[in-house]
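Visitor: Before I ask anything, here is the structure I am working with.
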Amino acid sequence: MNRRAFLGAVGSVASLGTFAYATRAGGETLEVRVWFSDRAADYDNVPDRIREYLGRILDLGFWTVELSIGGTVPVSTEDGAQVTRRGEWPLAIAAGALGARDLRPAADVNLLVTDGGMRRAPTGYGLPRVASVGGARYIDDLEPFDELFGGAGGDSESGAEPDPRRIAPMTDATRTMQVLVHEVGHALGLKHEHGVAFRAGDAVVATPMISAYAFDPDHETDRSRCGTDYPDPTGRERALSFAFSSCARRELAAAAGQSRLVNSWRRP
């Protein structure tokens, strides 16, 4: 796809989203729809894991999350980044919005999951209202949300409340799901600087919008929009948080038409 066609596709999607926001009550519902490449659709657990994780992570108190499965779409590549960077996925969404394709876009986030590799960055890509990510095979292996973080009532054996920071060890499965959340954040307007990294015991923990960039010595930004510095990860364990930072939540609340942050996330 040439640059003009790509920019036209992105512009069509952005226009669709602007119209949708202008014609409904601001912030009442966050509409997210997920599609799968043919290969990604072969993994039985993937839809349930995405529903569990995205549904809980995006449930921030200032909107109702409406998450649906759009079905399977043919793609020319399983590369989770290139399918959007080259314009294929944005153009498909734009065509669906214009009635030229049997694909009904969501107003807020249109996510495509492929079975692309997760070893070599970029592994996903996010634009306004459009996102894609690879790694379906790893999502298929991910534990259910409540097994990884504990249910609403805490650990049934210890009685402890679940950690609101939702910290998990860094594995192929958890990293893939966090990249998925990261790209959804981009689709909602968040930037890398809306992520924070912090120390928890012997580990440096990265929230979704900074993700593995927190562990990259060549990462150019050393301070987040939350006003915190990124700690040096040298010699420390690496872990991932599945809770958006406070400044990310403020940004999303503002986008939802809210002026206050509900259930504030606190950095240790």
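Visitor: I'd like the Karplus ³J(HN,Hα) series for the range 246-256: coefficients 6.51, -1.76, 1.60, θ = phi - 60°, whole numbers in Hz, and an x wherever there's a Gly or Pro.
Guide: Here the 3J(HN,Hα) series is 4, 6, 5, 5, 4, 5, 5, 4, 5, 5, 7 Hz.
Visitor: A follow-up question, please. What FRET efficiency, computed as 1/(1 + (r/R0)^6) with R0 = 25 Å and r the Cβ-Cβ distance, is obtained for R238 and S76, rounded to the nearest 0.05?
Guide: Using R0 = 25 Å, I get an efficiency of 0.15.
Visitor: Assuming R0 = 22 Å, can you tell me the calculated FRET efficiency for the pair D218 and D172, based on Cβ-Cβ distance, to the nearest 0.05? Write down the numbers at each step before the final one.
Guide: Details: r = 22 Å, r/R0 = 1.02.
In this case the efficiency is close to 0.50.
Visitor: Among bridges DSSP assigns within the range 3-255, what percent are antiparallel (round to 5)?
Guide: Restricted to the range 3-255, the bridges split so that about 40 percent are antiparallel.
Visitor: Step by step: find N for the range 3-255, compute 2.2 N^0.38 Å, then divide the Cα radius of gyration by it. What's the final number?
Guide: Working it through for the range 3-255, the quotient is 0.98.
Visitor: Further question on the same structure: Would you please give the residues with an amide H less than 5 Å from that of T72, counting only those at least 5 places away or on a separate chain, with H modeled from the backbone geometry?
Guide: F36
Visitor: Among H219, H182, what is the fewest-to-most ranking by other Cβ atoms within 10 Å?
Guide: In increasing order of surrounding Cβ atoms, one gets H219, H182.
Visitor: Using the beta-carbon distance between R104 and A254 and R0 = 35 Å, what value does 1/(1 + (r/R0)^6) give for FRET efficiency, to the nearest 0.05?
Guide: Efficiency for this residue pair is about 0.80.
Visitor: Right, next: So, with +1 on the Cβ of K and R and -1 on the Cβ of D and E, and no other charges, what is the size of the charge dipole of the range 3-255 about its Cα centre, to the nearest 20 debye?
Guide: 1120 debye
Taken together, the values in this text are just the output of simple stated rules run on the coordinates, not laboratory data. Note that the coordinates shown come from a computational prediction; the quantities given were computed from them, not determined experimentally. With ideal geometry, Cβ positions are generated from the backbone for all residues, glycine too; neighbour counts draw on all protein chains shown.
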